[in-house]
Amino acid sequence: MASLRRLARMCRDLAKQHVDEPDVPAAPDGADGYAEWVQIALILYRVELEKSLRETEDYLNEMSGVLAVFGLDEAPHYSSFCRWEQDYRMRELRRLLRTSAEQAGWSGEAAIDASGFQRDQTSHHYRDRANYSFQSMKTTILIDVNSLAIRDVHYTTQKAWDGHIGMQVFRRNAEDLRVLSADANYSWSDLREECRSNSTRPL
């Protein structure tokens, strides 16, 4: 329980660093309205717990000590988590990733790799309601090799080549990278030259 409260405090503090009004009450408009920092903190907490939306609501309602960290008496409805995660653009989430990576100890030595995520089992009801469907998602992650903190992510449902994705990810993080490690799928002369021109050693 203590470790879960520590995680909640970390998510809360990180979220408050990210917003313009960190001292706003958790639910200034009552149960249907939540401060921006609470929304961000709970998104982070859900991701760290690796729980589904419904599981997160049930889980938090069983953990009064964790709710207290966020200044809440009860957990938001699971549909609120879904709406918040849709509202926050990837650019904002990347800023949060960078901040958390720096707090974890960003060394400037990073590795990049990708994996596929199959969506064959996605709820047909959800896909019909959202009017959107795809079969697989390619996820590329930039990670610090010492602290294992995630610095950046890239998602695509297209058949994009690793070298091109690697260039996008590198350019977003070039000023903070000293070493970039990758496998042969990223072995592209343009990417290596881009690294060297920014004083980054490509491996």
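Quick one: in segment 95-107, of everything that is in a helix (DSSP H, G or I) and small (Gly, Ala, Ser), which residue is least open to solvent (accessible area, probe 1.4 Å)?
Ala101
Looking at (1) surrounded by 16 or more Cβ atoms within 10 Å (Cβ to Cβ); (2) part of a helix (DSSP H, G or I); (3) without any contact (Cβ under 8 Å) to a residue 12 or more places away in the chain, can you tell me which one Ala15 breaks?
So the condition that Ala15 fails would be (3).
Restricted to segment 135-147, and to residues that are hydrophobic (A, V, I, L, M, F, W, C) and at pLDDT 85 or above, which residue is least open to solvent (accessible area, probe 1.4 Å)?
Leu142
Report every pair of residues separated by at least 6 positions or lying on different chains whose Cβ atoms are under 6 Å apart, first residue within segment 35-46 and in contact (Cβ under 8 Å) with a residue 40 or more places away in the chain and among the small types (Gly, Ala, Ser), second in a helix (DSSP H, G or I) and crowded, with 24+ Cβ neighbours inside 10 Å.
none
Identify all residues within segment 134-155 that are of a type in the set (Ser, Thr, Tyr) and under 28 Å from Gln103 (Cβ atoms); write none if there are none.
Result: Thr139, Thr140, Ser147, Tyr155.
The values are calculated or read from the model by the stated rules, or taken from the named source; none is laboratory data. Quick caveat, the model's predicted, so the values are computed rather than measured. Reconstructed Cβ throughout: ideal geometry from the backbone, glycine too, with neighbour counts over all protein chains shown. Areas reflect the complete protein model, heavy atoms only, side chains present, ligands, DNA and RNA absent. Shrake-Rupley method; radii C 1.70, N 1.55, O 1.52, S 1.80 Å.
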